1. Can you pull out the residues in the stretch 39-50 that are surrounded by fewer than 15 Cβ atoms within 10 Å (Cβ to Cβ) and in a helix (DSSP H, G or I)?
2. So if I check each of 358, 382, which one is over 30 Å from residue 446 (Cα atoms), outside the structural domain of residue 450 (by TED's automatic domain parsing), modelled with pLDDT of 75 or more and assigned to a loop (DSSP other than H, G, I, E, B)?
3. Working only within the stretch 339-374, note down all residues that are within 30 Å of residue 530 (Cβ to Cβ), surrounded by fewer than 18 Cβ atoms within 10 Å (Cβ to Cβ) and under 25 Å from the mean Cα position of the chain (by Cα).
4. Of 105, 120, which residue is in contact with a helix residue (DSSP H, G or I) (Cβ under 6 Å, 6 or more places away or on another chain), over 19 Å from residue 72 (Cβ atoms) and in the same structural domain as residue 68 (by TED's automatic domain parsing)?
5. In the set 239, 162, which member is in contact (Cβ under 8 Å) with a residue 24 or more places away in the chain, under 33 Å from the mean Cα position of the chain (by Cα) and either assigned to a helix (DSSP H, G or I) or not assigned by TED's automatic domain parsing to the domain that holds residue 442 (or both)?
6. Residue 332 fails exactly one of the following numbered conditions: (1) in a helix (DSSP H, G or I); (2) in contact (Cβ under 8 Å) with a residue 24 or more places away in the chain; (3) loosely packed, with under 15 Cβ neighbours inside 10 Å. What is the number of that condition?
7. Can you tell me which residues in the stretch 115-157 are part of a helix (DSSP H, G or I), over 49 Å from the mean Cα position of the chain (by Cα) and without any contact (Cβ under 8 Å) to a residue 24 or more places away in the chain?
């Protein structure tokens, strides 16, 4: 019984496969790895095939046939540079044996061709066509026909037409390239001559901010390129591009598969981009466009008709937008009107050029002035209003008074009190994202009225988040832009934002001064309702001032009486 019942085997030996325990000879083991490599490559699993071909080469580095097979597998994986090295090494090994092999030489020519070196590939094909004879020479001659056709497509009349259309841009790029000289000196020496200081010698990488129009152009060019070369499969390429950052695929909970899937999607997308560059080199886009329209007059007519269609559709869309804005103003839906204007002006109009939208400036003025009038319409004296009520001025200004103005207290040692409010509060995070959107639009805003609108919106967002200093700073900049474009109505609205900020902090003197400025602007606008509204605001501020003065005098008299009583005692 003791011989039958044995303890289970333990240790690392049981994890080793049985076939690895056999003492194979290097030749047999190399043959096994080569068979596995060919097996996986036939089933389109080139990564494993390349892996086992590499193991076979570790056992026999001079095996030119394995190098040839691995070169073919690497070309299928878009590893063309590495495939060329393998094929050149295989050719060198054969030269040492005094032999020439046509398939290996053809592999070198194909690798050069896929690296977009058409001239080098053509030269190699000519040399090999003279070197070999019979059927072997025909292989190279067939490749020569293909390479000659690609060179002709790239350098034919289509290229002449493309250069004539973009001659100025090509000259500018050529001059910039000739004048560019890379400074090979260390960074500290360059900065020393410039009179600057650099402690860590780490160059600052400046973020390149692209305009919305440039982003739309690049996105459109990317889609057109994929459609031209991949036909209906271009949607799959876009899908693969978005998969690289898709949170539904790269789940944080899947710790093992997340990094593998990210690396896999990036690798496959890079392979597709390399294959796309190969197609671009063989048949450039300007050649495909030239093939569609060989007649220049017909192509110009097509472009003109397309431009007119876009202009007409844009005009219809703008009329619809103005109609919707007018309806929202009449229904007094201010929040929906503001979000709609921001959506239209920030996502649609900024992508329109003056060529497709010649009336862009007039449309901007119409939209922003309509929004300003709608914002002014909400400042009216409500029914049953009393100037001596608590927070009467804030109520009159349609400003929420129930929000807490207390700043959060931080307790030393308690980490919960040191949390970032923007990350913990969704409303604060939304406000920050909205402000970032306005600030990015400010970089590319051309007209003062658009800048005035953006600064007013930034100030309003700061005001809602109780950041009063930033609010007043942005509102003053909006006032300056309003003066630049002679827009009294946006000047008035920006002044009211300062009034709200000062009233929230109970700064009565600053509030009175801001209200006086707003009253002057209301008189300039000639709006009697606004003048009555501001008179009511001034009376509310005076009531608050009198109340505060009485409370201060009462507290002083009480303190004096207490001091007299203490002296008598």
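The values are calculated or read from the model by the stated rules, or taken from the named source; none is laboratory data. Only a predicted model underlies this, so the values are computations on that prediction, with no experimental measurement involved. Cβ placement follows ideal geometry from the backbone for every residue including glycine, while neighbour counts extend to all protein chains displayed.
1. Of everything in the stretch 39-50, those that are surrounded by fewer than 15 Cβ atoms within 10 Å (Cβ to Cβ) and in a helix (DSSP H, G or I) turn out to be 39, 42, 47.
2. After applying the criteria, what remains is 382.
3. 339, 340, 343, 346 - these are the residues of the stretch 339-374 that are within 30 Å of residue 530 (Cβ to Cβ), surrounded by fewer than 18 Cβ atoms within 10 Å (Cβ to Cβ) and under 25 Å from the mean Cα position of the chain (by Cα).
4. 120
5. Going through 239, 162 in turn, just one is in contact (Cβ under 8 Å) with a residue 24 or more places away in the chain, under 33 Å from the mean Cα position of the chain (by Cα) and either assigned to a helix (DSSP H, G or I) or not assigned by TED's automatic domain parsing to the domain that holds residue 442 (or both): 162.
6. Only one criterion in (1) in a helix (DSSP H, G or I); (2) in contact (Cβ under 8 Å) with a residue 24 or more places away in the chain; (3) loosely packed, with under 15 Cβ neighbours inside 10 Å is unmet by residue 332, namely (1).
7. 129, 130, 135, 137, 138, listed by residue number.
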